[in-house]
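Asker: One structure coming up, written as structure tokens, with questions to follow.
The values are calculated or read from the model by the stated rules, or taken from the named source; none is laboratory data. Source: prediction; values computed, not measured. Backbone-built Cβ (ideal geometry, glycine too); neighbour counts: all protein chains shown.
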């Protein structure tokens, strides 16, 4: 009953100043819309750039690093124990590149509940020849099914079917710039030589474009079996095990654990790509700062308009107080006005922001570096909309609070006797 | 049948700007139910100041104001607002109608604030009060569309909406021509006659004062007669 009359008065005052009200609300609308759009756009971009790395990078990569034996013979000699050892020209042993007892490692990884999946890989340096042209390159032997499932392999194969590399014997997928350089296309045969001198003709079944041009110029993918045959190795020859976890944040701990368990080198994604994390968070921070600034500016607009309204409505405030409305009633009326402007502006802003995001989402954005992206990336994360809503309402409440308090303190005697 | 409605007990007040002046020096009187009192005096004698102290809007005074047997000393701002809402009706020199509201809504507002009646009852009561003042046909108009005399009648209707114990007026005829001033006086005396309405009116108008039931004359911050 009491609240209803206050709402009634607030609505009437709002309607009497409809133009000013709309201007104030449009300020909030603009702030909220820009906030939502900016964050959506910025984070869409962030997600995409992060995706470039995280989609293709193992959370934990197990491999055998070629390094000198940390226990040199002199350290084992009993008569030199306790002395300081100077050793010059330490050389790494020509150890095996494959992971030792890979079957056991795979068994343990498969049993681990934190692991989403793993993709075995063989890395081998090769020389690709096509007629007189010779180019050095990297050959990756992959399990296509695992790559498709875990690392979005299909997103980057721009021509041909990625599964063909598994089905067609002696087939290869070449990096697109590499294929262009060799002047070959799908169905052509290229000759691939290993470092050991073996030469194999492989049929091109697809073209690959990762977005990193340097990589694409040297890259070829083949099935595990093809590369094992190329290198003259048996089926247990695996040089890398790319593990994907359920929770990316567990990667450093898992890496340390696997390293000690299997005596392999284990590298986690955070160590390998530390700079990406930093870039994303700084970009987010900037967009939050800009968005919040816009909302605060809108808040000043509301503050001004309410202040003006209070000066105009001094008489009304005085008579309301004379006829029995208390200071807190008057304050509620002006806070209601402020919050109404805030909510109306906010709802408008959320809708406008959504439309604007959708508009940006449909703008064509094509770049050779990103074959799967055709329009600007935009994130529609509801969290941004919730933050914008909460912050706009808090801002308008704060902007309304000071003028409302001023109104509540108007002394009716001063106004009425002043006439 | 002398039931005290409003008592002023030794009220004193000082203004401090720029020098300390005693505006009211120990004013005491009692107004009984059904009295029509005019408060008169020269300009600057403190009669308006006294009215605003009695109205509970001005709380910076010494002494005591007793309305309907209850002391106004030490009541909170919210409690004082409730007293004004329920027990006092105001008519000022200026009408103070809210231009954004209809005439009817202007009259209804204090009634809606009181919250003792449903919206419909408040509406009916407001129509009844407007009818007493001959303004029922203007109920749907906006306050800004009325003439000066009509506005003052609506202001009186607003003062009546909660059936106040006392109506206080600060020069209610001060802005009106002779004809409208007479009409307002007739309304006031009619209210006293027909509804035993208590009235306390500050006025300059000697004619108005002479025709009311009782005159309290002030001079130099004190009651003279």
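Asker: Restricting to the stretch B:106-118, count the residues that are out of contact with any strand residue (DSSP E or B) (no Cβ under 9 Å at 6 or more places or on another chain) and at the interface with chain A (Cβ under 8 Å from one of its Cβ atoms).
Answerer: 5
Asker: Given the conditions (1) in contact (Cβ under 8 Å) with a residue 60 or more places away in the chain; (2) out of contact with any helix residue (DSSP H, G or I) (no Cβ under 8 Å at 6 or more places or on another chain); (3) not in a loop (DSSP other than H, G, I, E, B), report the number of the one that residue A:243 does not fulfil.
Answerer: The number of the failed condition is (2).
Asker: Here's a check for you: in the stretch A:378-419, which residue that is in a loop (DSSP other than H, G, I, E, B) and at pLDDT 85 or above is nearest to the other protein chains (Cβ to nearest Cβ)?
Answerer: Going through the qualifying residues, I end up with A:411.
Asker: Determine whether the stretch B:55-75 contains at least one residue that is in a helix (DSSP H, G or I), crowded, with 16+ Cβ neighbours inside 10 Å and within 10 Å of chain A (Cβ to nearest Cβ).
Answerer: no
Asker: Residue check: is residue B:37 assigned to a helix (DSSP H, G or I), surrounded by 20 or more Cβ atoms within 10 Å (Cβ to Cβ), more than 8 Å from every other protein chain (Cβ to nearest Cβ) and at pLDDT 90 or above?
Answerer: When the stated conditions are applied, residue B:37 does not pass them.
Asker: Taking the conditions exactly as written (more than 14 Å from every other protein chain (Cβ to nearest Cβ), surrounded by fewer than 20 Cβ atoms within 10 Å (Cβ to Cβ) and assigned to a helix (DSSP H, G or I)), does residue A:236 satisfy them or not?
Answerer: no
Asker: Now for a separate question. Go through the stretch A:126-153 residue by residue and tally those that are under 32 Å from the mean Cα position of the chain (by Cα) and either touching a residue at least 60 places away in the same chain (Cβ under 8 Å) or surrounded by 15 or more Cβ atoms within 10 Å (Cβ to Cβ) (or both).
Answerer: 16
Asker: Tell me which residues, restricted to the stretch A:205-221, are in contact with a strand residue (DSSP E or B) (Cβ under 7 Å, 6 or more places away or on another chain) and either part of a loop (DSSP other than H, G, I, E, B) or closer than 7 Å to residue A:173 by Cα (or both).
Answerer: A:205, A:206, A:207, A:208, A:209, A:217, A:218, A:220, A:221, listed by residue number.
Asker: Filter the stretch A:304-363 down to the residues that are assigned to a loop (DSSP other than H, G, I, E, B) and within 14 Å of chain B (Cβ to nearest Cβ) and list them by number.
Answerer: A:313, A:323, A:324, A:325, A:326 - these are the residues of the stretch A:304-363 that are assigned to a loop (DSSP other than H, G, I, E, B) and within 14 Å of chain B (Cβ to nearest Cβ).
Asker: Among (1) in a helix (DSSP H, G or I); (2) within 14 Å of chain A (Cβ to nearest Cβ); (3) surrounded by 16 or more Cβ atoms within 10 Å (Cβ to Cβ), which single condition is residue B:121 missing?
Answerer: (3)
Asker: Go through (1) without any contact (Cβ under 8 Å) to a residue 24 or more places away in the chain; (2) more than 11 Å from chain B (Cβ to nearest Cβ); (3) touching a helix residue (DSSP H, G or I) at 6+ places or on another chain (Cβ under 6 Å) one by one and return the number of the condition residue A:33 breaks.
Answerer: Unmet for residue A:33, out of (1) without any contact (Cβ under 8 Å) to a residue 24 or more places away in the chain; (2) more than 11 Å from chain B (Cβ to nearest Cβ); (3) touching a helix residue (DSSP H, G or I) at 6+ places or on another chain (Cβ under 6 Å): (1).
Asker: Name the single residue, out of those in the stretch B:187-208 being closer than 30 Å to residue B:15 by Cβ and more than 15 Å from the chain's Cα centre (by Cα), that is surrounded by the fewest Cβ atoms within 10 Å (Cβ to Cβ).
Answerer: B:206
Asker: Restricting to the stretch A:246-277, and then to whatever is in contact with a helix residue (DSSP H, G or I) (Cβ under 6 Å, 6 or more places away or on another chain) and not in a helix (DSSP H, G or I), can you tell me which residue is modelled with the lowest pLDDT?
Answerer: Ranking the qualifying residues of the stretch A:246-277, first place goes to A:273.
Asker: So, in the stretch B:133-144, of the ones that are without any contact (Cβ under 8 Å) to a residue 40 or more places away in the chain and crowded, with 18+ Cβ neighbours inside 10 Å, which residue ends up nearest to residue B:187 (Cα to Cα)?
Answerer: Residue satisfying both the conditions and the ranking: B:135.
Asker: Given the conditions (1) surrounded by 13 or more Cβ atoms within 10 Å (Cβ to Cβ); (2) under 26 Å from the mean Cα position of the chain (by Cα), report the number of the one that residue A:113 does not fulfil.
Answerer: Result: residue A:113 fails condition (1) only.
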